[in-house]
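Take a look at the structure set out below.
The values are calculated or read from the model by the stated rules, or taken from the named source; none is laboratory data. Bear in mind that the values here come from a model prediction, so they are computed numbers and not experimental data. All Cβ positions, glycine included, derive from the backbone under ideal geometry; neighbour counts span all protein chains shown.
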Amino acid sequence: MSASHGSLGKARTAPAAPLLDAGAVVRWLGGAAGVLVLAALWEFAPRLGLVYRDFFPPLSAVLTQLATLAATAEFWGYVLSTARTWVLGLAIATASGVAAGLAIGLIPGARTYTHSTIEFLRPIPSVALIPGVILLFGSRYQSGVVLITYAAFWQVLLQMLYGLQDIDSVARDTARSFRFSIRGFVRHVAWPTLLPFLFTGVRLAAAMALVLAVTAEMVIGSQGLGRGIVVAQTSNAIAEAYAYVLVAGLMGVAINVAARAAEKRLLRWHPSVRSAGGSR
């Protein structure tokens, strides 16, 4: 009895876990310092004459112009149009990449027969498809969706194939000996291994999708941030053009942070995420 009371007392007096991770704080401070240095260079380089101010205005001028733009409906129309193109293209690429990856990786011989086709099509840049998509969709947002889907699809597909290759051979043999169906094998054996690879592919595809969304809007002329950049540039509104560029960059940062947070939350049960969290 006394021993149990002693153990309970020790449990009660155990030190609480720290509220803040020192390593995370150091990394955050390092990232914040880098942003501040970049902002200072952007602000003072034009003012000191290191770069031509008419073509590269100070950050304060860009932020002032951004605040003015944020009060207009046109600005938010550009942002929402880019976000719509990005979401649709990424969603289609992810769904088709997962489906194709499972089919190629699970059907015997499929990977052998599709390897040369994949290696032929994958290096083709999506911007090479611009003349074709303009003929099909014109300057509508669907053109950007097609370009995003084509480029992001390969990121997801390749990560799915890598994940299927990484499945433990003992787990494969065990599933075979218990005569798992394809659905049971995917759910209980393949999916837990595939998820980290899938999140990596989606994170890479998400960044690429944003770049292609803005690029398509600049080249094709569809509604979005890219069109805002081109219109501002041709109107000699340089600060406005940089304001749209800054918004695109902030969207990219937000996408990356959200993707990493979702990965950490949804895969907190996975050993790779737990070990990474422990090492931090």
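Observations
This table checks each residue for (1) modelled with pLDDT of 80 or more; (2) within 28 Å of the chain's Cα centre (by Cα); (3) closer than 19 Å to Val214 by Cβ.
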| site | (1), (2), (3) |
| --- | --- |
| Gly144 | yes, yes, yes |
| Tyr150 | yes, yes, yes |
| Leu157 | yes, yes, no |
| Leu161 | yes, yes, no |
| Leu164 | yes, yes, no |
| Ile167 | yes, yes, no |
| Arg183 | yes, no, no |
| Val186 | yes, yes, no |
| Ala190 | yes, yes, no |
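- Among (1) in a helix (DSSP H, G or I); (2) modelled with pLDDT under 90; (3) over 16 Å from the mean Cα position of the chain (by Cα), the one test that Leu195 misses: (3)
- If you go through the range 210-246 and keep only what is surrounded by fewer than 21 Cβ atoms within 10 Å (Cβ to Cβ), part of a helix (DSSP H, G or I) and of a type in the set (A, V, I, L, M), you end up with Val211, Met218, Val219, Val230, Val231, Ala232, Ile238, Ala239, Val245, Leu246.
- Among (1) touching an Asp or Glu at 6+ places or on another chain (Cβ under 8 Å); (2) exposed (fewer than 12 other Cβ atoms within 10 Å of the Cβ) - the single one Ala261 does not satisfy: (1)
- Here Gly49 passes the criteria (1) surrounded by 14 or more Cβ atoms within 10 Å (Cβ to Cβ); (2) at positive phi; (3) not charged (D, E, K, R) except the one numbered (1).
- Just one of the listed residues (Ser126, Ser116, Ser81, Ser96) is within 30 Å of Ile182 (Cα to Cα) and in contact (Cβ under 8 Å) with a residue 40 or more places away in the chain, namely Ser96.
- Selection count, the range 60-106, where residues are farther than 30 Å from Ala45 by Cα and either of a type in the set (A, V, I, L, M) or surrounded by 15 or more Cβ atoms within 10 Å (Cβ to Cβ) (or both): 28
This table checks each residue for (1) within 22 Å of Glu217 (Cα to Cα); (2) in contact (Cβ under 8 Å) with a residue 60 or more places away in the chain.
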{"site": "Leu135", "(1), (2)": "yes, no"}
{"site": "Gly144", "(1), (2)": "yes, yes"}
{"site": "Ile148", "(1), (2)": "yes, yes"}
{"site": "Trp154", "(1), (2)": "yes, no"}
{"site": "Leu158", "(1), (2)": "no, no"}
{"site": "Asp173", "(1), (2)": "no, no"}
{"site": "Arg176", "(1), (2)": "no, no"}
{"site": "Phe180", "(1), (2)": "no, no"}
